[in-house]
Amino acid sequence: MAIKNYRPTTPAQRQKTTQDFEQITTKKPLKSLTKAKKQNAGKNNQGRITVRHRGGGVKRHYRLLTHNLPKNLTLSIEEIEYDPNRSARIARVKDQNGVYYYITADTEMRKGQTISTGNDAPVETSNRLPLELIPVGSVVYAIELTPGRGAQMVRAAGASAQLMAKENGYATLRMPSGEVRKVLVTCEASLGTVSNVQHQNIKIGAAGRRRRKGIRPTVRGVVMNATDHPHGGGDGGRHGSGKAPRTPWGQLTLGYRTRHNKKTNKMIVRSRHEGKRK
């Protein structure tokens, strides 16, 4: 999809960019595959804010995506739709039995196209099959971590992973983050790259546009009082505390490692941080 620029009639219009949406349908989403989405403004069931900078925004309906399609299906793509709840586009598909699904769309999906799932599916873009049947070097997305559990990795706009090798019952994948990890070859994946590749190049342009997306303003810690943030306080001329960056609650941030999942360390061949080390 192409990026649209606007005539600079206002300062916001000068910076703002959008997408042309030429492949997106104007039809309403299926009622059977949508449900009301209650907005909680980042608060938990006790009313405490657990995620800051959220609230307001345009009312949305949640699309019920299927990340674990049944095997041996032949699906026809009915529409490519916009989904306000995720960065990627979604595809409305119908199987040979007349059942509708919403799935993550890739860059090659078009209305009227036919795709397949299962062991007998041909090795073609958009088809879904086990990693053991996908050639080495292929680009894949919507990858399972556990066989039969459904896609859990590589689902964001423009994301893709490359199948590097297959040996001893494991497939080696290079993830979008640069991490190289192992996954069982019986896990399924879809061939291709997730749609909406230009997502990262869009400029918001105006503060009101961000508010309509449900994102509230962010206040820097260095402009707060010392009682409100570890970076706060000072005599008016200082910026920063001269110490390591911290969250409002004192937790180290910006590079501080918080991963403690030792069970899956053996599956990671190369950390995503190794390429950044000097």
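The values are calculated or read from the model by the stated rules, or taken from the named source; none is laboratory data. The structure displayed is predicted, hence computed values, not measured ones. Cβ atoms come from the backbone with ideal geometry, glycine included; neighbour counts cover every protein chain shown.
List of remarks:
- Selection count, the range 134-163, where residues are among the hydrophobic types (A, V, I, L, M, F, W, C) and surrounded by fewer than 16 Cβ atoms within 10 Å (Cβ to Cβ): 2
- Which listed residue, of Arg14, Arg92, Arg7, is of a type outside the set (Phe, Trp, Tyr) and assigned to a strand (DSSP E or B): Arg92
- Here is the figure for the range 125-172: residues that are of a type in the set (Lys, Arg) and either more than 22 Å from the chain's Cα centre (by Cα) or more than 20 Å from Thr107 (Cα to Cα) (or both) total 2.
- Residue within the range 90-105 that is of a type in the set (D, E, K, R), touching a residue at least 40 places away in the same chain (Cβ under 8 Å), crowded, with 18+ Cβ neighbours inside 10 Å and closer than 23 Å to Ser177 by Cβ present: no
- Among the residues of the range 106-133, those identified as surrounded by 16 or more Cβ atoms within 10 Å (Cβ to Cβ), in contact with a Pro (Cβ under 9 Å, 6 or more places away or on another chain) and not hydroxyl-bearing (Ser, Thr, Tyr) are Gly118, Leu129, Pro130.
- For the range 238-268, the candidate set comprises residues that are modelled with pLDDT under 85 and among the hydroxyl-bearing types (Ser, Thr, Tyr); within that set, the residue that is farthest from the chain's Cα centre (by Cα) is Ser241.
Yes/no per residue for (1) part of a loop (DSSP other than H, G, I, E, B); (2) over 30 Å from Arg86 (Cα atoms); (3) among the aliphatic types (A, V, I, L, M):
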residue: Ser190; (1), (2), (3): no, no, no
residue: Arg211; (1), (2), (3): no, no, no
residue: Val222; (1), (2), (3): no, yes, yes
residue: Thr227; (1), (2), (3): yes, yes, no
residue: His231; (1), (2), (3): yes, yes, no
residue: Lys263; (1), (2), (3): no, no, no
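- Search result, residues across the range 24-79 that are surrounded by 12 or more Cβ atoms within 10 Å (Cβ to Cβ), under 21 Å from the mean Cα position of the chain (by Cα) and in a strand (DSSP E or B): Thr34, Arg54, His61, Tyr62, Arg63, Leu65, Glu79
- Neighbours by Cβ (under 7 Å, 6+ apart or cross-chain): first from the range 167-194, on the phi > 0 side of the Ramachandran plot and of a type in the set (D, E, K, R); second buried (at least 20 other Cβ atoms within 10 Å of the Cβ) and not in a strand (DSSP E or B): none
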